[in-house]
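**Student:** Quick one: this structure, given as structure tokens, is what I'll be asking you about.
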Amino acid sequence: MIRVCPICNTKESSLYMRKNARNNRDKVELRKCKNCGFVYSIVSRFRYEGFGNNIDVIFKTREELLEIAYNQNVNKLVSEIIKKSGLKDGSKVLDFGCGIGLISLCFQEHGFQTFGIEKSNPFLQKHKDLNIKSASKLEEFKYEKGNFDIIILKDVLEHVDFPVETLKLLVSYLKPNGYFYIRIPNVYYYPFHWSIDTEAHINHFTTKILDKLFLENKMKKNSFINVYDIKTKVGKIYHAVFWNLRYILPMYHQISVLYKQALKMGFLWGKIGGSPDQCLMADGNGSQKIT
């Protein structure tokens, strides 16, 4: 499917990344909308229905998957989301694009009710063994809108054909005091990345455009959640060396900017009318301030 801008539906665009660019892994051209500046893949051809058939994770037990979640710090991410949202056990979680179900399993360990949406048929079958309630479409749950305490959209919005419509639909299923966690790749780090996914990732966001979409849906940004830990090589170098030298190293600011641009963006949003007493807020530029 040849695409126009999925944010404003404008057809006019300019070249953002060539097919043969050194770090264009899938050789799909990226375009930049001339109206709103959004970057998107010119075609959408990846299909998820059969994904997961022959990968090792499909044969793992619940205990083994929880161990994987702990090794990948998914449990830390879930704990941080729970802490910053203030939600209690028994709350309802919608894990949209849940994959094999690592996020859902971690929320279940905290006593939350989880519901997953996933296109992959092998993963949907696996969820039955894992005691994860799941469906391929949200409508299959037959829930009334305003039903969920928190919706998780981790590494998903970059994959969907219609991100504006998807967000609008999902937000309508949040309770008035509900929360929305979203994580997406940051398009600003692309020049520094050695391999960009341009086939499965068809939407490429900036913080500015993400803010615009959520504000249009009457959401308020509550907190930035750093989803990377210091176990990565870059993280170890940054925290062990440059962080300690930040007051005396002339190039520290530039190095810090490059490192932060390489992070994915993870934000917690609250529906208007939600709790105002979050300890960390972010303004429209993504900068943080204590409140």
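**Student:** Among Lys92/Lys212; Lys27/Lys154; Lys32/Lys175; Lys92/Lys218, which pairs are too far apart, with a Cα-Cα distance over 23 Å?
**Tutor:** Beyond 23 Å between Cα atoms: Lys92/Lys212; Lys27/Lys154; Lys32/Lys175.
**Student:** Roughly how many Å is it from the Cα centre of the stretch 21-56 to that of the stretch 136-165, as a whole number?
**Tutor:** Taking the Cα centre of the stretch 136-165 as reference, the centre of the stretch 21-56 is 20 Å away.
**Student:** Full extension from Lys145 to Phe162: what is 0.36 nm times the residue separation minus their Cα-Cα distance, to one decimal in nm?
**Tutor:** 4.1 nm
Taken together, the values in this text are just the output of simple stated rules run on the coordinates, not laboratory data. Bear in mind that the values here come from a model prediction, so they are computed numbers and not experimental data.
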